[in-house]
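A short write-up of the structure that comes next.
The values are calculated or read from the model by the stated rules, or taken from the named source; none is laboratory data. What you see is a predicted model, and the numbers here were worked out from it, not measured in a lab. Cβ placement follows ideal geometry from the backbone for every residue including glycine, while neighbour counts extend to all protein chains displayed.
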Amino acid sequence: MPEGKFCNKKPVDTAEGITQLLSDTSGNTYYKEMKELTVDSDLLWKTIQNTCKSRIRTWLEICAHCGMCAESCFLYQVNGRDPKQVPAYKIQSTLGKIIQKKGKVDNAFMRHAMEVAWSQCTCCNRCGMYCPHGIDTGIMFGYLRGLLYQQGFVPWELKIGAGMHRVYNAQMDVTDADFVDTFEWMVEEYEEDYPGLTVPVDKEGADIMYTVNAREVKHYPEDLAEAAVLFHMAGENWTVPSKGWEETSLAMFAGDWAACKIQVESVYAAMERLKPKRMIGTECGHAHRATVIEGPYWAGRKDGLPPVESIHYVEWLAEALNTGKLKIDPSKRIKELVTLQDSCNYIRNQGLKQATRDIMKHIVEPGYFVEMSPNKEHNYCCGGGGGFNGIGLYRKQRNIALIKKRDQILATGAKLVLAPCHNCWDAIRDLEEEYDIGIRWSFLKPVIIKMLDIPDHLKPEE
Amino acid sequence: MFKKILFATSATAASDHAARVAFNIARSYQSALNIFHVLGVPSRGYSQVVVDVKTKERVDVDEDYLAWVNEDIKTYYAKYLDERLHYTIDVAVGLPAREILRQAKKLTPDLIVIGGSTGDEDETVYKKSSAGTTLQKVAKASHCPVLVVNRPAASFWGGLSNIVFGTDFSKTSEKAFDFAMKVAKALDCEMHVFHALDISPLHGGRMLSQDEIEQQIREATRKIRALYGARLKELSHYSMDVWEGIPYVEIVKYARDKHADLLIMAHHSRKLPSQDIRMGGNVEQVIVRAGCPVISINK
C-alpha cells in the first residue's frame, strides 16, 4: 500500500510531524505522492455503512434532478453556468457514486472528488434553502470530506490545520502560555487609554467566558485588546480560559472528525471548569458553527447543546447596544455608504440576521446602510468559506469564486464593508487585492470602539 | 547607553538613511544590533501564502524562505557588516508595527531605530484596512525611545555631540528630558532646550498682538528655567530658547541653527490619527522635516 511520507491516511498528531509537513513547500511532494495513494475500499465501505445515516441516504435517493438548486449556487453562477457546477450533480457524481459503487473507486476518482469537495462547494448551505425537498448539499459535502480525509485525500493546508488542533488544541502553533501572555501584553498596551482594563484569566463563575481565533493571538492581537475594551466599557464580568480558548475548527473544514471532537471538547472542558453563565466567541462564523452548533454532536452531548449557553459575538454586541451597556456617540456614527456581509454560518444557518441589523441601526447614520442583494439568509457566501480561502491548490478557482461578492458589493455603491467573520474578512480583503475595486473592510470591534460614548469614570486622565 | 538597538528595516532604499544611522550608532557605541525585517502580512485565513513586501511576490513562507530572506538582508547591508559589529538578523511574518513591538518586548532594546514612511508600500491592500502608519503605532506603544530618520539629509552622523530637546511642558516631556539628559551626560553632548510658541491663528483662534507674544515668550522662558535650569547645570554646555511661529517649523529651524545631530521630543498623542490625516501631530511633522535623526519618547 503506497503510503507517502507526507501524503498518507495517518493524521498528523505531533509537532515534528507538522513541521515536516510544512517543510514540503506548497505541498508539492504531498500532491505528487497523492497520485500513488491506494484507496482502502473495504474501510471506505465499512465507514459508510456505519456513518451514512438515513438522512443523507434519503437525500441522495429522493433528489429529483429538477435543477432548482443550480441558480442558488454562486459557484454555478460565476463559472459560466456549467452544468457540472449544479449542486445536485456535484454531490451525486461524487458521494453518490462512492455509495453506489460500495466504496470501490480508484485513486483518480478520489482526487477528483477531493477537488469537487473543496473547490466546488464552500458548505454555505444556500442550495438547501432552495431545494423543494430541502436537500442540503453542503451538509453532504461536509460528510464526503470526512470520507476523503480518512483515505488521505485532503488538501495539504487542511491536513496541517487539522494536525494543529490535535497537537495544540488550536488552529496554529499557539500554546496556552502564548495565549495568556499575548492577551496580557495587549491589555497592558491599551491600559493607558482605558484605565482599569484587565484580562481576567480563569475566573470561575464569571458572566462571560470569551473564546477566540488563534490567528488573533498570532498575528492580530489588537483584536484581543479590542474585545477586552468592549467588555470593560460594558461593565461585564468576564474571563478567558487559560486552556480551551480556541473556538475555531479547521478540523471541521478538513473532515477530520476525531480532531473535531478533540478540539471542541477542550472548549467544553473549560466551560465545565470555570462554570461561566455564558460563552461568547469572537467575530468568526465557522468557529461558532463548530463550537456551538455542530460541536455538541461531535462531543456526543445528548441535548445537542454546549455545556453552557453559548452565543455569537454579534448577539452580545446587539444586546449590549440595545440595553445601553454600550453607548454610541451619535456624532461619530458611520456617515458614508456602508454594507454588511452576512456570514453563512451564523446568519443563514443560525438565523442571527436581526442581531447584526440591530447593530447597524446603532452605528450607522440613518440612510447610509445599504443591504447587499440578496441579503440575510439569502446572501451569498463570501467566496472563500469552508476552507476555500486557505487552499493554495485551488487559489485560481477561489479567485473566480470571489466575483459574486465583488459584484454584490459594487452594486451597493458602498466603499466600506463590515464583515464580522474572519473568513469573510479575508475573502473580501483578497477580492480587493485581486480585483482592486477600491473598498475598505472591517470587523465590528474596531469600528465600534472609535464611536463609543465613554462614561466619565472610564476615561483616561488628561 | 544604547547597549541594545533594534533596527526595524524594510531592507530597501526606503530604510537606507535609517540604516546608516543605526549602523553608525552601533559601531560608535559598541551596541548589540538586531536587524529586524517583517517580510509580509499573513491572511486571517490559514493560507501559508504571504505577499513578500520586497519582491511583491506570493511566497510560501517556510524555513528555506526565511533563511533566504535572512541571507538577502546580509547581502543588502554587506558594506556595514564586519566582525567588529555585534549584530543579529531576524525575519518575521505579520503586521510590521505589531511584530516590531513584539520583537521589542522580547529583546528589551534601549533604542528602536526605524526608517521613515515609504510611498508605495502604503498602497498595498493590507495598509488600507489599518489606520495609522507603522511608525505612529510603534512610537505610541514602545517602551523605549524610538529614533526615526526620514530624510536622507537627516542621516549624517559622526557621533553625538549636539542635542536639541523640544519641550511642550507636558508630563511626557519630562520623561523625554530625563532621557535627553542621560544621553547628553553619557556622551558628553551640548544640549539646547527649546520651546516653540504656537502663534498660528488656527491654533489660538485669533491673532496675537506683539506684546502678547513677547509676554508669552518671557513666561515660557521662565518656565524652562524653572523646570530644567537646575539640572542643566550638570552639563558643561547648554542653552535655552523660546521662538514663536508654527511649532514644527520652528523646531526644525532651531535644530538647523544649532547644528543639532539629534532631536529629542515627547510623543504623547493618545489616539492614533485617523487614516486621512497621515502625519498628524507635531512630532510627526518634525520627523518628516528634520535635518537630523529624531528620537520620540512615549513612556
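Tabulated results
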read-out: Among (1) without any contact (Cβ under 8 Å) to a residue 40 or more places away in the chain; (2) among the aromatic types (Phe, Trp, Tyr); (3) buried (at least 17 other Cβ atoms within 10 Å of the Cβ), the one test that A:TYR346 misses; value: (1)
read-out: Count - residues of the range A:211-235 that are within 11 Å of chain B (Cβ to nearest Cβ) and not aliphatic (A, V, I, L, M); value: 9
read-out: A:ALA64 surrounded by fewer than 19 Cβ atoms within 10 Å (Cβ to Cβ) and either in contact (Cβ under 8 Å) with a residue 24 or more places away in the chain or among the aliphatic types (A, V, I, L, M) (or both); value: yes
read-out: B:LYS54 vs. criteria at pLDDT below 90 and touching a Leu at 6+ places or on another chain (Cβ under 8 Å); value: yes
read-out: Residue that is closer than 25 Å to A:GLU294 by Cα, assigned by TED's automatic domain parsing to the domain that holds A:ALA64 and among the charged types (D, E, K, R), where the choices are A:ASP136, A:ASP106; value: A:ASP136
read-out: Residue that is farthest from the other protein chains (Cβ to nearest Cβ) [pool: residues in the range A:176-195 that are out of contact with any Ser or Thr (no Cβ under 9 Å at 6 or more places or on another chain) and closer than 20 Å to A:TRP316 by Cβ]; value: A:PHE183
read-out: Residue within the range A:161-170 that is in contact with a strand residue (DSSP E or B) (Cβ under 9 Å, 6 or more places away or on another chain) and in a loop (DSSP other than H, G, I, E, B) present; value: yes
read-out: Some residue of the range A:214-230 being in contact with a Gly (Cβ under 7 Å, 6 or more places away or on another chain), in the same structural domain as A:ARG289 (by TED's automatic domain parsing) and β-branched (Val, Ile, Thr); value: no
read-out: Qualifying positions in the range A:225-256 - assigned to a helix (DSSP H, G or I) and either acidic (Asp, Glu) or within 18 Å of A:CYS284 (Cβ to Cβ) (or both); value: A:ALA225, A:GLU226, A:ALA227, A:ALA228, A:LEU230, A:PHE231, A:LEU250, A:ALA251, A:MET252, A:PHE253, A:ALA254
read-out: Residues of the range A:16-50 satisfying the condition of being away from chain B (no Cβ under 14 Å), in contact with a helix residue (DSSP H, G or I) (Cβ under 8 Å, 6 or more places away or on another chain) and surrounded by 13 or more Cβ atoms within 10 Å (Cβ to Cβ); value: A:GLY17, A:MET34, A:LEU37, A:THR38, A:VAL39, A:LEU43, A:LEU44, A:THR47, A:ILE48
read-out: Among (1) among the hydroxyl-bearing types (Ser, Thr, Tyr); (2) facing another protein chain (nearest Cβ under 10 Å); (3) in contact with a Cys (Cβ under 8 Å, 6 or more places away or on another chain), the one test that A:SER249 misses; value: (2)
read-out: Filter result (within 11 Å of another protein chain (Cβ to nearest Cβ) and touching a Phe, Trp or Tyr at 6+ places or on another chain (Cβ under 7 Å)) within the range A:405-459; value: A:VAL417, A:ALA419, A:TRP425, A:ILE428, A:ARG429, A:TRP441, A:PHE443
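Here's the yes/no breakdown for (1) in a strand (DSSP E or B); (2) more than 18 Å from B:ALA8 (Cβ to Cβ):
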site	(1), (2)
B:LYS56	no, yes
B:ARG84	no, yes
B:VAL91	yes, no
B:ARG98	no, no
B:ALA104	no, no
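Per-residue answers, yes or no, for (1) crowded, with 18+ Cβ neighbours inside 10 Å; (2) out of contact with any strand residue (DSSP E or B) (no Cβ under 9 Å at 6 or more places or on another chain); (3) within 12 Å of another protein chain (Cβ to nearest Cβ):
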residue	(1), (2), (3)
B:ALA8	yes, no, no
B:ILE25	yes, no, no
B:SER28	no, yes, no
B:SER31	yes, no, no
B:LYS56	no, yes, yes
B:LEU66	no, no, yes
B:ILE73	yes, no, no
B:TYR76	yes, yes, no
B:THR88	no, no, no
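Per-residue answers, yes or no, for (1) β-branched (Val, Ile, Thr); (2) within 28 Å of B:LEU187 (Cβ to Cβ); (3) within 23 Å of the chain's Cα centre (by Cα):
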{"position": "B:SER10", "(1), (2), (3)": "no, no, yes"}
{"position": "B:ARG20", "(1), (2), (3)": "no, yes, yes"}
{"position": "B:ASN24", "(1), (2), (3)": "no, yes, yes"}
{"position": "B:ARG27", "(1), (2), (3)": "no, yes, yes"}
{"position": "B:VAL59", "(1), (2), (3)": "yes, no, no"}
{"position": "B:ASP62", "(1), (2), (3)": "no, no, no"}
{"position": "B:LYS74", "(1), (2), (3)": "no, no, no"}
{"position": "B:VAL91", "(1), (2), (3)": "yes, no, yes"}
{"position": "B:ILE100", "(1), (2), (3)": "yes, yes, yes"}
